[in-house]
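One structure is given here, and the rest of the page talks about it.
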Amino acid sequence: MIPGVLTVAGSDSGGGAGIQADLKTMLALGVHGMSVITAVTAQNSLGVQGAWELPVEAVRAQYRSVVDDIGVRAVKTGMLSSVELVHAVAELIGETDAPAVVDPVGVSKHGDPLLAPSALDSVRTALLPVATVATPNLDEVAHLTGVRVESEDDLRRAAEAVLAYGPRWVVVKGGHLAGDAVDLLTDGSEEHWLRAPRHDNRHTHGTGCTLASAIASQLAKGQSVPEAVTAAKEYVTGAIAAGFALGAGIGPVHHGWVFG
């Protein structure tokens, strides 16, 4: 049986991030991707021109339709733009016997807001507590915890602040720091420092979605959290290196790089 992985996220019409990036990642990593669409965006290489949230009942119906019939081996969340959606998805994940990877998406690569400020507290109190792995970047850490990471030395403090909200593991993504791309994975007791060379490539649209989906895919295949995150980091590093120009702005990472 091919493991099934469910992404609960927004649609990116440009195909570089969101549901589209998640499903491409899952295909590349050998799992069967399924989707619950939470919002539709008008989006291209220049930014997000519009976003329309789906009703909570539509999101809940999609989720139950997949989980009750097909079942899932892992769940990944992305864009959840409102308090109501965050609470509904957190409740659904809490009822599902599968690891959950939570990417607490706050803004797009271009700086467009994708999460209502009022929903931040719901992410802290409802969504993070049901996460097996949370994958915030430095901006998301700052919004969620108030901790601002200026150097690699701050990553541990940032991770502790996120873990205080209840996820079992957190990956604090240090990609916005200077030097090598360094991420810290920890559950509060053991630490894994994941390093990769920084590629001089501006076409990085979809990196966060891709990493979270890759982690979920590896967890669905039975890997431990450290194994899954290490493998996911390797996949994303390759995808960034192969990122390509698309449109007039920031192009996407190349999800199919593993196929040669």
Worksheet item: Which order, highest average first, do 38-51, 58-71 follow once you tally other Cβ atoms within 10 Å for each residue and take the mean per peptide?
Response: 38-51, 58-71
Worksheet item: ³J(HN,Hα) across segment 143-157 via Karplus (A = 6.51, B = -1.76, C = 1.60, θ = phi - 60°), whole Hz, x for Gly/Pro?
Response: 5, 7, 10, x, 7, 9, 8, 9, 8, 4, 5, 7, 5, 5, 5
Discussion item. Let me check against my output: what whole-number percent is the relative contact order of segment 113-173, with C-alpha pairs under 8 Å and at least 6 apart?
Written reply: 42 percent
Worksheet item: Rounded to the nearest 500, what is the chain's calculated 222 nm mean residue ellipticity when only DSSP H runs of at least 4 contribute -39500 (n - 2.57) each, over all residues?
Response: -10000 deg cm²/dmol
Discussion item. Compute the distance from the alpha-carbon center of segment 136-184 to that of segment 219-260, in whole Å.
Written reply: 20 Å
Item to complete: Output the relative contact order of the chain, whole-number percent, from Cα pairs under 8 angstrom with separation of 6+ residues.
Response: 19 percent
Practice prompt. Towards the positive end of the charge dipole of the chain, with charges on Cβ (+1 Lys, Arg; -1 Asp, Glu), say which of Gly208, Ile70, Gly14 has the farthest Cα.
Written response: Gly14
Fill in: Long-range amide H partners of Trp169 with built H, under 5 Å
Val133, Ala134
Discussion item. Quick query: amide H of His205 versus all other amide H atoms, modeled in the peptide plane; which residues come in under 5 Å with a sequence gap of 5 or more or a different chain?
Written reply: Gly251, Val253
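If you count, for each residue, the other Cβ atoms within 10 Å and average over each peptide, how do 234-245, 150-161, 210-221 line up from highest to lowest? Can you show the working numbers first?
Working: 234-245: 19.2, 150-161: 16.3, 210-221: 28.8.
Top to bottom by mean Cβ count within 10 Å: 210-221, 234-245, 150-161.
Rank by packing, highest mean first: peptides 175-187, 15-27, with packing defined as the count of other Cβ atoms within 10 Å averaged across residues. Could you put the intermediate results ahead of the total?
Details: 175-187: 16.8, 15-27: 25.5.
In decreasing order of mean packing, 175-187, 15-27 become 15-27, 175-187.
Computed from the coordinates by the stated procedures, all read-outs in this text should not be read as laboratory data. Values in this document were obtained by computation on a predicted structure and should not be read as measured data. FYI the Cβ positions are ideal-geometry reconstructions off the backbone, even for glycines, and counts take in every protein chain you see.
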